[in-house]
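What follows is a short report on a single structure.
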Amino acid sequence: MSRNLYFEDEVVKNSFNFHMLGKLFSYAKKYKKTYIFVIILLVTNSILSLIPASLNAKIINDVLPFNGRLQDNYFRTAVIILSIWASILCCQIITNYFSTKVTTRLGNSIVYEIRQDLFRHLMKLGFDYYDSRPTGKILVRITNYTSEIADIFVGHLTTIIINVLMMVACLISICFMDIRLAVVVILAEIPFSLIVWLLVRELQKRARLTKNKASNRTAFVAEDINGIEVIKAFNREKLNEQIHEELSTKHFRAHMRFTNVNEAFYPLSHGVIRIISNILLYTVALVIIIKNPTSLTLGVLVSVTTYMQMFAEALFSLCQRFQNIATLTTNMERIFEVLETEPKVKDSEDAYEMPEIKGKVSLRNATFSYDGTNYILEKVNLEVESGETIAIVGPTGAGKTTIVNLLSRFYNLDSGEILIDGHNINQVTLKSLRRQVGVMMQDTFLFSGEIIENIRFSKPEATDEECINAAKKVYADDFIQKLPEGYHTKIKSAASELSSGERQLLSFARLVLADPKIIILDEATSNIDTQTERKIQAMMEHVLKNRTSFIIAHRLSTIKNADRILYIEDKNIAESGNHEELMQLKGKYYELVAKH
Amino acid sequence: MLEVLKDSLRYFKKYIPVFFLCVFLGLGMTITMILEPQVITLIVDRVITPALGGESTSDSSVFLFLVKNIPADHYWQTLGVLIMVFVVLILIYFVTFYIRWNTSHYFGVKCENAMRRDAVNKINSASSTIINQYTSGELLTISNSDPQQVKDIYMMYLPFSIEPIIYISLAVYTVSRMNLTLAVFPIVTGVFYLLVTRRYIRETRHMYNDIRNTNVDLNTETQESIYGIRTIKAYAKEEFQAEKFNLRSEEVRKALFRFGDFRAWYNLIYGGIQNVLYIISIILGITLAVHFKMTNGEFTSFLAYMMSISGYFIGFTYQLGALQSGVISGKRLFDFLNMPDPVAESYGAGTVSKKPAIELQGVGVTVDGHQLLKDVNLTIPYGAKIGIMGSTGSGKSVLLKALQTLVEVTEGEITIDGRQFKEYSRSEIIRSYSYAMQDVFLFSNSIEANIALYNPDVPSEEVVKYASIAEVNEFASSFPEGYQSLIGEKGFGLSGGQKQRVAIARALLKDAPVIVLDDCTSALDMETESKIFKNMKKHCKEKTLLVATHRASAIKDADEILLFENGSIVERGTHEELMKINGRYADIYNLQTGEEVFVNE
C-alpha cells in the first residue's frame, strides 16, 4: 500500500483547475439571492462612490474661486452639493454595514457546509485512505484549509464582481467624458495583465510547496503529541527536536521562496497601475490640450483622473484577489481530493436495509487480497448456522482477522460472496449490516468525554440504566464506581487514567449494549486478567448462546467450547470441526494442542 | 497584553532592529504615498492649468523647487521633470516595500519557529501532570497555530499601528503648511476615534478568545474521529460522528458570526465618524478657498489628506483590534511555556550506572485522591527477574511506570545504587529502562525505523538481531518489502501480536540494563511467548527483567513473583513458595494450566 509519511510532500493527483473553482462556487449557489442582494448593495455603493468625483469637480468648477474671482451663487451651490454628498455618505455606510454583515455570515456558513460535506465524506472513506497518510495531513484539510477558503466567500467573490463592474463603469464614464484618454488607458493595461498572469501562476506553485511543507510539519507534531509516552520512554526528545527543526527549516525555505514572489506582486502592480493612471493620463492629456486646447477642460480632466483613480483601485484590488486566490488553490486541490475519492466500500445504488437476521452466515468462493496480488483467502466456502459459535485459529497472517474484516464488510471481496440469512452483504446498506454484526477489535478506542457516553456510543438512544447494566454484565461496574465521578468521569481519548484491561472492559460493555445478532471477537480479552475473564466467560457463554459468533481466541477452554473450530492456513480453511473431531483427525489442530 | 509582549520579547529581541528597519521603511513607503499627490498637484497647477490658459499657482508643494525656474510655457520640460520624480517615488516605494516585507518575513518566521521549537520541546519533556491538563487539540494549537499569531504581532499589527501615527503626524504637518489652523482638525478626529476604541479592543479580545477555543475543540474532535475510525465504522456510527462534529463546527461558525456582526457594527460607527468629519473638512476647505486662503490645487490635496488621515485612524484602531488575536494566542502559548514543572525540576543530574540496583521502601502513588499503589517494599538487585501479576487496575503498570519516573511517587522512596531517586537526572533514569508497554503505539514509518526508534543510526543487522529475539523476523522478512514495509500510526497493517513483537524488539534494541515488559505478550500465543523469553534468556540474561503479565506460566521461573490487588502486594515469593501457600496465586496458576493458551495470532 502506498503510504505518505510526514517527511514526504503529498503528490497532488488533480492540480487546480477552474472546474474546482466552479465546484467551490456551487456552494454559493444556494445563496444566490443573498449574493445578488449583496451585489446590489455593493453596486449601489460603488455607483454612489462615483458621484463624489463629479461633486468634487462641480465644487472646483462652480464653487471655488476661478481666476481670483468668486463665483456667482457659490454658497447655494455649495449647500446643495454638500447635502447630496452627505446623503450619499450616509447611504454608503449603511450599505457597507449590511453587505459586510451579510457576506461574513455567508462566507462562514459556506465554510461550515464545506466542512460538513468534507467530514461526512471522510467518514465514508475506507481504512485504506486513513492508513495511506498521517493523521495530521488529514486534519489540516478539515480545520485549516477550509477556514482559509472562507476569504473567498466573505470577500473575494463579491469583490471580484464589484471590481469588474466598477472598472467597466469607470471606463464607460471616462469614455463619455473623453474617449481618447480611455483608449490609451485600456491599451496600457494589456501588457500589465500579462505580467500579472505570469506572476500568479508562479505564486500558485510556490504556495503549494509551502503548504505541503507546513502539513509535513503538522503531521509530525500531531504524531509526536499522540505518541508522547513512547517518545519519553525512548529518550527521543532530542532526536525529535532535530527532526522538527529540519521540517521547520524546509518550511521556512519554501516560505521565503514564496514570499519573494508574493511581496513583489503588490508593489509591482501598485506601481504600474499608478504610472498608467497618473503619468500616462496626464501626458496624453497634455498632448491633447496642446493640439486642441478647447477640447479638454480642467474640470473634465479632474473628473477623469478621479474616475481613473477608482478604475485603478478596482484593478489593483482585482489583482490582489487573484493573488490571494492563487495561494488558496492548494487548499482547493486537497479538499477536492478528499471529496473526489470514491470510497471503495459503499452502499450500492439499490442497497436495501437488511431485515432482522437470525444469523446464518455463508461464504461462497470468497477470495480476497488487500492489494490485488497477494491473496489472503482463496475460494473459501463456509456455512454457519444461526447460533453457532465458531472459533478461528491458525498461524500468523493466515487470514483470521481478514475474515472478521470481510464479515463486517470493511473491505470488499475480490470475488465470491458472503451471505447473511441469504442476503448478500454487498447489497444491503452498510448501516443495517453493521448494526447487526458487532465486532470487538483488539484496538480499544475511547472518545474524550464521560465514561457513560463512551458506552452509549454503540446505541445512542440507550438510557443510562441500560448503559450501566451493560457495564455490570462485563464486570466493569466495579472499577467505574471507584473513579472520582463514577460513570460521569471525563476521560481523554488517550485515557491514560485507565489501564488497558479497564479500557477493554469498556469496549466490551459497548458491544454488550449494542446487542448485535452476530458477534465477532478478535482477541477480545487479551488484556484482561484471568479472574475477571473467568467471570466474563460465564456471561459470554450466556450472551453467545443463541447468537452466531466468530471468535479469534487463545484460550483452549473457549476454543474447546466452540461448536466448530476452523483452522485457517494456506488461504483457506484447512480443518473444520469441533474439538473432539479435530483431535481424532490428528491433523494440524491436534499438533497444536498436543504441543501443550 | 503587556504580559504577552514581555514574554514574546525574548524571542523577538533579535528582531527589534529589523522591526525598526521595517518601521523606517514603512515610513519611506508612506512618505512616497504622501509625496505622490504633491507631484500631481504640481502637474495640475504648473502644467495642465497653464496649458489651459490659467495661471500657474501653488507654492506649497515640496517639489516646487525643481520646477520653479522652468518658464511657464515649457510644459514638456516641467512634465518631464515631474514624471521622473514620480517614477523615482514609485521605485522607492517598490524597493522599500519589498525589503520591508521580505526582511519582516525572514525574521518573523525565524522567531515563530523558535517559539514552535520551544513548544514542542516542552511537550516532549514536560511531566505528565502538565501534559494531562491539555487536550491533544489544545497542544497542537499551541505548538502549531499560536506561534504564528504571536509573530503577526511583530510582523504586522505593531508596525501597522506605528506607521499610521507617523503618517498622521506628517500629514498634519503638511496640512498645517497649507494653513495652520487646519492642523487642529486631525487632532479632533483622533479624539473621537479613541473614545470608541477602548471598548472595541476589549470586546475584540473576547471574540478572538471564543474563536480560538471553538477551533481547538474542533481540532480535538477531528483528531479523535480520525483515530477512532475503525470503532466508528464497526458500530456504523459515521452519521452519529458527523453530527458530533457538526456541533463543534457549529460553535466555530457561531463564534465567527458574532465576530462578523461585531465588526460590521463598528464599521458603521467608525464610518459614521469618518464621514461626518469629511463633510466638515469640505466645508472648511470651501470656506478657506472662498476667502482666498487656499488654492484649488490645495483644496484637492487637503481633502485627500483628510480622508486618508481618517482612514489611518481607523486603520490604527483596527490594528489594535487584530493585535488581540496575537494576545490571546500568546497568553495560551506562554502560559504553557512558563508553566512551572516542579516534578521535572525536582530531579538532579546524576547518571545511572550500567548495573543498577533498585530499592523501593514504602512506595505509594496517589493521583487525584485515588490511591493507585500502596506501601510497596521491593529490592531489585541487578540481574533479578521479577514477575508481577494482578487483576486489571491493581497497580502493576503504575509500579512499572513509577520506577521510570513516568508516574510520580507520592509516598515512600526509591533508591538506585543507594542514592536517592531524585538525585538522578530524569532522562538518565528513563534511559536505563527498556520499556514495552501494554498499548503499542507505533509511528508511521518503516518497521525498521520503528524498531530503531531509540537509535535510528543503528546498522540494519542490529535491527534484525533484536527483531529475531522478539520473533519479529519470522513475519517481517516474509513481507514483500521486508523491514522497509511501512506501517501507519498505531500500527495499522499489522496484527495485534505482530505489533506487540515490534514493540518488544523496539525495547530490546535500546539495550538498557533493566527490561520492563508490561503485559506486552497478551496477544501472543504461549509458544511464541516462550520462544521470545527463551531468546531473551540467551541474549540478555544478565539484565534485570520486570514482567507484568496475566499468564503465570510466563513468570514461573522468576526470582520473585508479586501478586497485586488494589494497589498493594498481597502475596509474594517464588513460584514454589506461592504454590505452597495455596492462596490466590495458586488459584490463578491452577486455573490457567488446564487451559493453556494456544496457537494463534
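Nothing in this text is a laboratory measurement; each read-out follows from the coordinates by a stated rule. Worth saying up front: this structure is predicted, and the values here are computed from it rather than measured. When we count neighbours, we look across all protein chains shown, and the Cβ atoms used for this are built from the backbone with ideal geometry, even at glycine.
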Which parts of the range A:407-450 would a label at B:Asp368 reach, counting a residue when its backbone N lies under 14 Å from a point 7 Å out along Cα-to-Cβ? A:448-450
Cα atoms only: what Rg and Dmax, in Å, come out for the protein assembly as shown? 37.5, 126
Beta bridge orientation in chain B: antiparallel %, DSSP, nearest 5: 50
Alpha-carbon centroids, the range B:109-164 and the range B:22-49: separation in whole Å: 40
Cα centroid of the range B:468-523 to Cα centroid of the range A:270-322, whole Å: 73
In the range A:374-393, whose amide N lies under 16 Å from the spot 7 Å out along Cα-to-Cβ of A:Ala574? List them in ranges. A:376-378, A:392-393
Pop the C-beta distance of B:Leu52 and A:Phe98 into the FRET formula with R0 = 35 Å and round what comes out to the nearest 0.05. 0.20
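Run the helix sum for chain A: -39,500 (n - 2.57) per DSSP H stretch of 4+ residues, divided by residue count, reported at 222 nm to the nearest 500 deg cm²/dmol.
-20000 deg cm²/dmol
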Along the charge dipole of chain B, Cβ charges K/R +1 and D/E -1, which of B:His74, B:Leu406, B:Tyr93 sits furthest on the positive end? B:His74
Any residue on another chain or 5+ positions along whose placed amide H is under 5 Å from the amide H of B:Gly412 is listed here as B:Gly364
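Hey, fewest Cβ within 10 Å first, where do A:Arg69, A:Arg115 land in order?
Ordered by Cβ neighbours within 10 Å, fewest first: A:Arg69, A:Arg115.
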Given 4 °C and 1.567 mPa s, compute D for the range B:15-146 with the Stokes-Einstein relation, Rh being the Kirkwood radius over Cα pairs; round to the nearest whole µm²/s. 68
Per the Kirkwood definition applied to all pairs of different Cα atoms, how many angstroms is the hydrodynamic radius of the range B:488-579? 14.5
Once you've got the Cα coordinates, tell me which of A:Lys431/A:Lys560; A:Lys400/A:Lys560; A:Lys232/B:Lys396; A:Lys13/A:Lys250; A:Lys344/B:Lys237 are over 25 Å apart. A:Lys431/A:Lys560
Given charges at Cβ of Lys, Arg, Asp, Glu: chain A dipole, positive-most of A:Ala514, A:Ile138, A:Ile60: A:Ile60
At A:Ile80 and B:Ser346, where each label point lies 7 Å from the Cα along Cα→Cβ, what is the point-to-point distance in nanometres? 8.7
Leading residue at positive end of dipole, the protein assembly as shown (Cβ point charges), from A:Ile243, A:Phe18, A:Ile418: A:Phe18
I'd like the distance separating the alpha-carbon centroids of the range A:147-166 and the range A:58-77, in whole Å. 41
Less than 13 Å from a label point 7 Å out along the Cα-to-Cβ axis of A:Gln427: which backbone N atoms in the range A:343-369 qualify, by residue? A:348-355
Degrees between helix A:281-291 axis and first principal axis of chain A (Cα, 0 to 90, nearest 10): 30
Give me the number: length gained by fully extending B:Arg117 to B:Asp511, i.e. 0.36 nm times residue separation minus the C-alpha to C-alpha distance, one decimal in nm. 138.9 nm
Fewest to most neighbouring Cβ within 10 Å: what's the order for B:Arg177, B:Arg46? B:Arg177, B:Arg46
Taking the Cα centre of the protein assembly as shown as origin, work out the dipole magnitude from +1 charges on Lys and Arg Cβ and -1 charges on Asp and Glu Cβ, in debye rounded to 20. 3320
Wrap a convex hull around the Cα atoms of chain B, take a quarter of its surface area, and give that in square nanometres. 38.1
Please report the base-10 log of the normalised intensity I(q)/I(0) for the range A:18-339, using a Debye sum with one equal scatterer per alpha carbon and no solvent, at each q in 0.15 (1/Å). -1.26
Treat each spin label as a single point 7 Å out from the Cα along the C-beta direction, and report the A:Lys379 to B:Thr181 distance in nm. 10.7
Too long for a 18 Å Cα-Cα cut-off, among B:Lys556/B:Lys580; A:Lys472/B:Lys233; B:Lys13/B:Lys110; B:Lys465/B:Lys510, are A:Lys472/B:Lys233
Potential extension, A:Glu342-A:Thr44 segment - 0.36 nm per residue separation minus Cα distance: 102.8 nm
Size of the dipole of the range A:18-339 about the Cα centre, Lys and Arg at +1 and Asp and Glu at -1 on the beta carbon, nothing else charged, in debye to 20? 400
Residues whose modelled amide H sits under 5 Å from the amide H of B:Glu565, counting only those 5 or more places away in sequence or on another chain, are B:Val570
Taking a crude spin-label model, label points 7 Å out from Cα along the C-beta direction, the B:Gln361 to B:Lys538 distance in nm is 4.2
What is the sum of charges, Lys and Arg at +1 and Asp and Glu at -1, for the other residues whose Cβ falls under 12 Å from the Cβ of A:Asn324? -1
What does the extension gain come out to for A:Arg69 and A:Ile186, with contour length at 0.36 nm per residue minus their alpha carbon separation? 38.3 nm
Which of A:Cys175, B:Cys540, B:Cys520, B:Cys111 comes first, and how do the rest follow, when ranked by fewest Cβ neighbours within 10 Å? A:Cys175, B:Cys540, B:Cys111, B:Cys520
Rounded to the nearest 0.05, FRET efficiency between B:Lys254 and B:Glu481 (Cβ-Cβ, R0 41 Å) equals 0.25
Skipping prolines and chain starts, which residues have an amide H placed within reach, meaning under 5 Å, of the one on A:Phe66, given they are 5 or more residues away or on another chain? A:Gln71
hull vol. (C-alpha, convex hull) per residue for the range A:361-595, Å³ -> 131
